[in-house]
1. Which pairs do you get when a residue that is more than 7 Å from every other protein chain (Cβ to nearest Cβ) and at pLDDT 95 or above, found in region A:1-30, comes within reach of a residue that is more than 11 Å from DNA strand C (Cβ to nearest atom) and assigned to a loop (DSSP other than H, G, I, E, B), reach meaning Cβ atoms under 7 angstrom, with the pair 6+ apart or on two chains?
2. A:LEU37 is checked against (1) buried (at least 17 other Cβ atoms within 10 Å of the Cβ); (2) assigned to a loop (DSSP other than H, G, I, E, B) and fails just one. What number does that condition carry?
3. Would it be correct to say that A:ARG3 is within 8 Å of DNA strand D (Cβ to nearest atom) and in a strand (DSSP E or B)?
4. For the structure I just gave you, tell me whether B:ALA15 is within 16 Å of DNA strand D (Cβ to nearest atom) and within 11 Å of the chain's Cα centre (by Cα).
5. Can you pull out every residue in region B:51-96 that is assigned to a helix (DSSP H, G or I), hydrophobic (A, V, I, L, M, F, W, C) and buried (at least 17 other Cβ atoms within 10 Å of the Cβ)?
6. Kindly provide the set of residues from region B:60-80 that are within 13 Å of chain A (Cβ to nearest Cβ) and either touching a residue at least 24 places away in the same chain (Cβ under 8 Å) or of a type in the set (D, E, K, R) (or both), ordered by number.
7. Among the candidates A:THR6, A:THR24, A:THR33, which residue alone is within 11 Å of DNA strand C (Cβ to nearest atom) and of a type in the set (Ser, Thr, Tyr)?
Protein chains: 2
Amino acid sequence: MARAATTTDVFNAIAEPRRRELVTALADGQPRTVNELVERLGLAQPTVSKHLGVLRKVGIVSVSKDGQHRLYRLNGGELKAVYDWTKTFENFWSHQLSRVKERAERLAKEQSTKKS
Amino acid sequence: MARAATTTDVFNAIAEPRRRELVTALADGQPRTVNELVERLGLAQPTVSKHLGVLRKVGIVSVSKDGQHRLYRLNGGELKAVYDWTKTFENFWSHQLSRVKERAERLAKEQSTKKS
DNA sequence: TTGACATATTCCGATATGGGAATATACTTC
DNA sequence: GAAGTATATTCCCATATCGGAATATGTCAA
């Protein structure tokens, strides 16, 4: 088995930095044209189209036709899965470092209590 | 150019589901042995060692020797980067859907105001 | 030392990537 | 319909992957 397809997952899709830039460029909720994104990121048009294709397949962006343009719009809700997963580890950074150790020690004590 | 190395980035490192499972298995802050993780995830030992290697290179986990065992411990703070990035898009899901449209429309109005 | 256990590393093969170049498709305007 | 613009698709290549199998390394215990 090789590496999972970039279109498998939101996690895989946003692993690529240019794709993250694209998402960021759409962060204000306003739809953008492929060419606008090309200029914004300074990449070749086919490159942008391909990256948008990945984001589209995963559902992070959606397209609508507007004459000879395509309007790409961010579907930010798809990123919630990643947010939720990382939020699980919030205690590792939010309540000072000591808090992490504290928690680990408390859990360790609970463990040994159960055992005895 | 091919796909970026999994060890390039936290984003790349956590794109792989087994790696996310490993991180989750260490979420309580307690260090674990490779074998404990092998049993926990039901994967082959070399597979686990390799995945842990990736997580280690990126800094998500750290190791310490304990006799013939290695204790892997989560370095959850490394996930903050991902958390922070996704948090940027919070408005897409936290304040009802309507809020997103509202925001987009408001920004659009500001734009057209500037233009006129 | 020998053997058992814990972990890491190497080699392999099938697979998907991302960029560049070229080309196809589609719409618009003349 | 022809030319021009916007976007998507295809082909190619160098590269890195993940898992499996085999093996290496390191540590403990007798």
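1. A:VAL10/A:ILE60; A:ALA13/A:ILE60; A:VAL23/A:ILE60
2. Failing condition for A:LEU37: (2).
3. Details: within 8 Å of DNA strand D (Cβ to nearest atom): yes; in a strand (DSSP E or B): no.
Spelling it out, it is not the case that A:ARG3 is within 8 Å of DNA strand D (Cβ to nearest atom) and in a strand (DSSP E or B).
4. Yes; evaluated as a whole, the condition is true for this residue.
5. Answer for region B:51-96, where residues must be assigned to a helix (DSSP H, G or I), hydrophobic (A, V, I, L, M, F, W, C) and buried (at least 17 other Cβ atoms within 10 Å of the Cβ): B:LEU52, B:VAL54, B:LEU55, B:VAL58, B:LEU79, B:VAL82, B:TRP85, B:PHE92.
6. B:ILE60, B:VAL61, B:LEU71, B:ARG73, B:LEU74, B:GLY76, B:GLU78, B:LEU79, B:LYS80
7. A:THR6
The values are calculated or read from the model by the stated rules, or taken from the named source; none is laboratory data. Only a predicted model underlies this, so the values are computations on that prediction, with no experimental measurement involved. A quick note on method: Cβ atoms are made from the backbone with ideal geometry, for glycine too, and the neighbour counts reach across all protein chains shown.
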